[in-house]
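A short worksheet on the structure shown next.
The values are calculated or read from the model by the stated rules, or taken from the named source; none is laboratory data. Given the structure is predicted, the values throughout are model-derived calculations rather than measurements. Note that each Cβ is placed from the backbone with ideal geometry, even for glycine, and that neighbours are counted across all protein chains shown. Surface accessibility is based on the protein's heavy atoms, side chains included, excluding ligands, DNA and RNA. Shrake-Rupley method; radii C 1.70, N 1.55, O 1.52, S 1.80 Å.
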Amino acid sequence: MAKIKKIGVLTSGGDAPGMNAAIRAVVRSAYYYGLEIVGIHYGYRGLMEGDMSPLGMRSVSSIIQRGGTILHTARCLEFATPEGVSTAVETARSNGIDGLVVIGGDGSFRGAKELSEAGLPTIGIPGTIDNDIACTDYTIGFDTACNIAVEAIDRLRDTSESHNRCSVVEVMGHRAGYLALDIGVASGALAVLIPERECDLKKEIYDKIEAHEKSHYIVVVSEGCEISSAQVAKLIEENTGMTTRLTVLGHIQRGGAPSALDRVNAIKLGYRAVDLLYKGIGNRVVAIRSSELIDYDIQEALDMKKTIPEDLYKIAQIVSM
Ligand code: ATP
């Protein structure tokens, strides 16, 4: 394979705090290896349309602490077709790009695999607050989103306590409950409802409220649950008589400065992605497992199944008594 001389970087899917730290690491690592680097705007759409500009060494100064993504992001259905992928590869070629780094979730990795197979070596970096990518312990943005939600719930706890209320808090996580579970445990919730587990509301919420002498409660509901958070709040009020308030945290969890952990992980992953391309290796996802920096074939990574940590789910129930 011819040596890679110029690489592109893009962010795709939902944004996540720490993506900028990863972009910075990609740019600085590219300079370290003597590679040219361009930033592609609005994900795969920008790649198809040639919406890109060179990234100078200093162009990524002072972005390490910023949430969002300076490259912007998008979901692009036109790209996810054989024609879309060929257009993207042709546009990359005509701009002299011979390697690509894609920061995003598993949908973005499917695109990265298609590009690699079509002749553009591409590396995926897991970036999503949902932590729903099986090959890695942490995705960029997860830790920050957890911390933002926990901080918000601490505030809700103050007011719930003052008014003797139950606060139901809906958190993000797409179809997965990883984010909700960590948030629920860290915020001392009475119960955490996640899409992967049935929740017996009577046993896990109403009976506990009746048995306790506490005046206030927190219940965390993942947005992916079949039952809506509004329904949960209504049922708790109807079945326990306790005044209940619903708060939907929504996109607040996606913004703000990334945590130190997200920055460190983003920087490690960004460096490794460029290191692989420099060595002529594409079609990989970089990951962190047991604090180790590793990489997988994209299809192998996509085929891995992630499951809810049973021990944590059980501990959450035990300590919420
Ligand atoms: P998040 O976890 O934040 O949702 P994601 O990367 O999973 O991130 P998606 O919307 O699923 O987000 O995918 C992002 C983009 O990746 C899509 O808009 C599309 O352009 C591309 N993509 C998704 N699936 C495929 C596929 N099967 N083949 C080619 N490209 C795909």
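Measuring only protein heavy atoms, the 1.4 Å probe finds L235 accessible over about 40 Å². What separates the Cα centres of segment 107-149 and segment 207-275 is a distance of 22 Å. Counting Lys and Arg as +1 and Asp and Glu as -1 over every other residue whose Cβ lies under 11 Å from the Cβ of K202, the net charge comes to -2. A DSSP coil position with no more than 13 other Cβ atoms inside 10 Å describes the following GluC sites (Glu not before Pro) in segment 223-321: E226. Three principal axis extents of segment 145-254 based on alpha-carbon atoms, in descending order, are 34, 28, 20 Å.
Can you give the FRET efficiency for M321 and A257, using 1/(1 + (r/R0)^6), R0 = 30 Å, r = Cβ-Cβ distance, to the nearest 0.05?
According to the calculation, E is roughly 0.25.
Filter the chymotrypsin sites (Phe, Trp or Tyr not before Pro) in segment 118-184 to those in DSSP coil with at most 10 other Cβ atoms within 10 Å of their Cβ, and list the result. Answer in residue order: no site qualifies. Once each part is reduced to its C-alpha centroid, what is the distance from segment 155-175 to segment 79-96 in angstrom? Between the Cα centre of segment 155-175 and that of segment 79-96, the gap is 46 Å. The shape of segment 173-212 comes out oblate: with a ≥ b ≥ c from the C-alpha gyration tensor, a/c is at least 1.5 while a/b does not beat b/c. Spin-label model, E117 to D207: label points 7 Å out along the Cα-to-beta-carbon direction sit 5.0 nm apart. Neighbours of P82, meaning other residues whose beta-carbon lies under 14 angstrom from its beta-carbon, give a summed charge of -3 when Lys and Arg score +1 and Asp and Glu score -1. Approximating the spin labels as points 7 Å out from Cα along Cα→Cβ, the D158-to-Y31 distance works out to 4.2 nm. For the chain: lysine pairs with Cα atoms under 24 Å, gap of 8 or more or different chains, count? For the chain, the number of qualifying lysine pairs is 28. Each distinct pair of alpha carbons in segment 33-136 adds a 1/r term; the inverse of their mean, the Kirkwood radius, is 14.3 Å.
Where does the chain land at 222 nm, in deg cm²/dmol rounded to the nearest 500, when only DSSP H runs of n ≥ 4 count, each adding -39500 (n - 2.57), divided by all residues?
Values: 11 runs with 129 residues, N = 321.
Only helices count here, giving -12500 deg cm²/dmol.
Entry for segment 1-78 at q = 0.21, 0.25 Å⁻¹: log10 I(q)/I(0) = -0.92, -1.18, Debye formula applied to identical alpha-carbon scatterers, no solvent contribution. Shown here: segment 39-84, whose C-alpha atoms stretch 37, 21, 11 Å along the first, second and third principal axes, sorted largest to smallest. Across all directions, the shadow cast by the convex hull of the chain built on its C-alpha atoms averages 16.1 square nanometres.
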